[in-house]
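*Asks:* Got a structure for you, written out below as structure tokens; questions coming shortly.
The values are calculated or read from the model by the stated rules, or taken from the named source; none is laboratory data. Source: prediction; values computed, not measured. Here the Cβ positions follow ideal geometry from the backbone for every residue, glycine too, while neighbour counts run over all protein chains shown.
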Amino acid sequence: MNDKVTDTIRYVGVDDTDLRLFENQYPVEKGISYNSYIVEGSDSIALFDTVDNRRLDQWNELVDGALSGRQPDYLIVLHMEPDHSAGIARTLKKYPQMKVVASQMALKMLPQFFEGIDLEGRTVAVKEGSQIDLGGRTLTFHTASMVHWPEVIVAYDDKERVLFSADAFGRFGSLCYGEESWADEARRYYTNIVGKYGPQVRNLLAKFDGVKVDIIAPLHGPVLRGDLSEYLRLYRLWSGYEPELPDGVLVAYASVYGGTQEAALAVADIIRQRGDREVAVIDLCRQDVSEAVAQAFRMGRMVLASVTYDASVFPAMQAFIHHIASKGLCRRKVALLENGTWAPIAAKVMATMLGEMKQMEIVGQPVTIRSRMHSTDMPALKALADAVCA
Ligand code: FEO
């Protein structure tokens, strides 16, 4: 990553390449970056956010190098989650003239994370529309509650039209791997971490309607610049729970001995043979649920196939439906397939869970296979494929 965002904005973030689970739950094969920026005005210097404790020493060295003996006037805290805030107390001690700029709620959180922290005379509370003049450039702050914690703020720099967007527009993956496609890992990040808060994300996007933004500087992933319309388009879709591919189908299955898998893959093949839409297949027992959640947001339709287990649905399927429900996914067409050797009931359980979500439409007749897929099941599986595609 080139550390020069602009002539007067420097990237001082760090990669965490050997992190395995972000938030102790999301697999990150290529780690993640904790972004941090130094913004220079003619009068003052602002440092945007610290980083996770895992990379604090490295970050300190980068900041020292970038400041070359100068002191920052402000530490701007966009977000108090520890992946960004771990260095606040240490940085306050290091720079005795520096003040912390944050929302009132973030300032209240500080002593919770840093017992005994002395903030006397060291804070600037900002709210919607607050401004700080750095000399030749003004930072304007906007609240971004629940994107993705309640205390979050974002900042807009009028000089170079940069939006410091906190977690919004972030992406999994360390930056040292170079330019990679943004959408896949941004989708997985957004849908799993911020997905529940679509209305709040929409509120934030609305604050920048008509505002010229040339650069988006998030707290994870690459700095976005150039034509930003595709990033904004995807954020509008995701935050509105609108599928990217309204006709696309996610086939997600949970199978014990392969019988349910065989039937689910047969349905996927039938749909693929139509040749008119994209099909994503997820084995819920082998692939991480965060991938399935991301695909459920991406596609307009789903086939859910589960074996019956403990007179209910298989745990991996139960977890998946729980996840999409807790993220507020809605308005999807769903076809159901169950397996049971003596008392199949998975489809009924799935239907009940989906019925508690908003506008999840169960299409076609749920299909039951007994132990394994039989040739006699094919007409019903074709009808299921037709129903989900209709
Ligand atoms: Fe990257 Fe919500 O913290």
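*Asks:* Does the range 221-231 include one or more residues that are out of contact with any strand residue (DSSP E or B) (no Cβ under 9 Å at 6 or more places or on another chain), within 26 Å of Val28 (Cα to Cα) and more than 16 Å from the ligand (Cβ to nearest atom)?
*Replies:* Within the range 221-231, one or more residues are out of contact with any strand residue (DSSP E or B) (no Cβ under 9 Å at 6 or more places or on another chain), within 26 Å of Val28 (Cα to Cα) and more than 16 Å from the ligand (Cβ to nearest atom).
*Asks:* Starting from the range 67-90, keep only residues that are under 17 Å from Leu56 (Cβ atoms), then list their pairs with residues that are within 16 Å of the ligand (Cβ to nearest atom) and modelled with pLDDT under 95 whose Cβ atoms are within a distance under 9 Å, requiring at least 6 positions of separation or different chains.
*Replies:* His79/His148; Glu81/His148
One line per residue, one yes/no per condition, for (1) out of contact with any strand residue (DSSP E or B) (no Cβ under 7 Å at 6 or more places or on another chain); (2) under 30 Å from Trp182 (Cβ atoms):
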| site | (1), (2) |
| --- | --- |
| Asp247 | no, yes |
| Asp283 | no, yes |
| Glu291 | no, yes |
| Ala296 | no, yes |
| Val307 | no, no |
| Asp310 | yes, no |
| Val313 | no, no |
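*Asks:* Has the range 161-176 got at least one residue that is part of a loop (DSSP other than H, G, I, E, B), surrounded by 20 or more Cβ atoms within 10 Å (Cβ to Cβ) and away from the ligand (no atom under 16 Å from the Cβ)?
*Replies:* no
*Asks:* Another question about this same structure. If Ala186 passes every condition in (1) free of Cβ contacts under 8 Å to residues at least 60 places away in the same chain; (2) more than 10 Å from the chain's Cα centre (by Cα) but one, which one does it miss?
*Replies:* Ala186 satisfies every listed condition except (2).
*Asks:* Now for a different question. Can you run down the residue pairs with Cβ atoms below 7 Å, 6 or more apart or on separate chains, where the first is in the range 124-153 and farther than 21 Å from Ala206 by Cβ and charged (D, E, K, R) and the partner is more than 16 Å from the ligand (Cβ to nearest atom) and part of a loop (DSSP other than H, G, I, E, B)?
*Replies:* Every condition considered, the pairs that remain are Arg137/Gly41; Arg137/Asp158; Arg137/Lys159.
*Asks:* Which numbered condition trips up Gln261, out of (1) part of a loop (DSSP other than H, G, I, E, B); (2) farther than 30 Å from Ile76 by Cα; (3) free of Cβ contacts under 8 Å to residues at least 60 places away in the same chain?
*Replies:* Every condition holds for Gln261 apart from (1).
*Asks:* It is to be established whether one or more residues within the range 93-107 are under 20 Å from Glu40 (Cα atoms) and assigned to a helix (DSSP H, G or I).
*Replies:* So far as the range 93-107 goes, yes, one or more of its residues are under 20 Å from Glu40 (Cα atoms) and assigned to a helix (DSSP H, G or I).
*Asks:* A further question follows. Taking into account only those residues within the range 125-148 that are surrounded by fewer than 16 Cβ atoms within 10 Å (Cβ to Cβ) and not in a loop (DSSP other than H, G, I, E, B), which is nearest to the ligand (Cβ to nearest atom)? Steps first, please.
*Replies:* As a first pass, look at the range 125-148 and keep what is surrounded by fewer than 16 Cβ atoms within 10 Å (Cβ to Cβ): 125, 127-129, 131, 133, 135-136, 138.
This time we only want the ones that are not in a loop (DSSP other than H, G, I, E, B), so: 125, 131, 133, 138.
Numbers: Ala125: 20, Gln131: 25, Asp133: 28, Thr138: 26 Å.
Looking at residues that are surrounded by fewer than 16 Cβ atoms within 10 Å (Cβ to Cβ) and not in a loop (DSSP other than H, G, I, E, B), I get Ala125.
*Asks:* Continuing with the same structure: Need a quick list: strands (runs of 3 or more DSSP E) entirely within the range 1-48 having at least 3 residues that are away from the ligand (no atom under 13 Å from the Cβ) and more than 23 Å from Leu75 (Cβ to Cβ).
*Replies:* Working: elements: 4-6, 9-11, 14-16, 32-34, 37-40, 45-48.
In the range 1-48, no matching strands (runs of 3 or more DSSP E) lie anywhere.
*Asks:* In the range 209-219, is there at least one residue being within 15 Å of the chain's Cα centre (by Cα) and within 16 Å of the ligand (Cβ to nearest atom)?
*Replies:* Looking only at the range 209-219, we keep the residues that are within 15 Å of the chain's Cα centre (by Cα), and these are 218-219.
Next, from what is left, pick out any that are within 16 Å of the ligand (Cβ to nearest atom): 218-219.
Taking every residue of the range 209-219 in turn, at least one turns out to be within 15 Å of the chain's Cα centre (by Cα) and within 16 Å of the ligand (Cβ to nearest atom).
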